[in-house]
1. Between a first residue in the range 64-75 that is outside any helix (DSSP H, G or I) and a second residue that is of a type in the set (Phe, Trp, Tyr), which pairs have beta carbons less than 9 Å apart while being 6 or more apart in sequence or on different chains?
2. Go through the range 32-80 residue by residue and tally those that are open to solvent by 90 Å² or more (accessible area, probe 1.4 Å) and closer than 16 Å to residue 12 by Cβ.
3. Where the second residue is among the basic types (Lys, Arg) and the first is within 12 Å of residue 67 (Cβ to Cβ) and lies in the range 40-55, which pairs have Cβ atoms under 9 Å and are six or more apart or on separate chains?
4. Can we say residue 48 is assigned to a helix (DSSP H, G or I), at pLDDT 95 or above and closer than 19 Å to residue 78 by Cα?
Amino acid sequence: MEENKEFELNLSEETLQQLEEYAAEKGTTPEDVAEYIIYEFLRNQIHVIEKRSQETGVPVNELISMQFGRILTYLRDQKH
């Protein structure tokens, strides 16, 4: 099993705003939402993201940040 790899999220202002709004809607903190996305989604996708980075030449951190935004949008669009 691989050790935890470190990566850096570089979120746009728009994504940060969406994160804050989503957290407020859910009655939680942006940090808790970010942690949820990282551990429930990104952690399981990291190997695919790393492979895509190698194929495209786009830095892993950039792809991770883009995927974080997509997941956040997906969560916000869910009507529970």
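The values are calculated or read from the model by the stated rules, or taken from the named source; none is laboratory data. Predicted model only: the values in this text are computed from it and were never measured. Note that each Cβ is placed from the backbone with ideal geometry, even for glycine, and that neighbours are counted across all protein chains shown. With ligands, DNA and RNA removed, areas are computed over all heavy atoms of the protein, side chains included. Shrake-Rupley method; radii C 1.70, N 1.55, O 1.52, S 1.80 Å.
1. Final answer for the pair search is none.
2. 2
3. From residues that are within 12 Å of residue 67 (Cβ to Cβ), the pairs are 46/5; 50/5.
4. So residue 48 does not fit the description; no.
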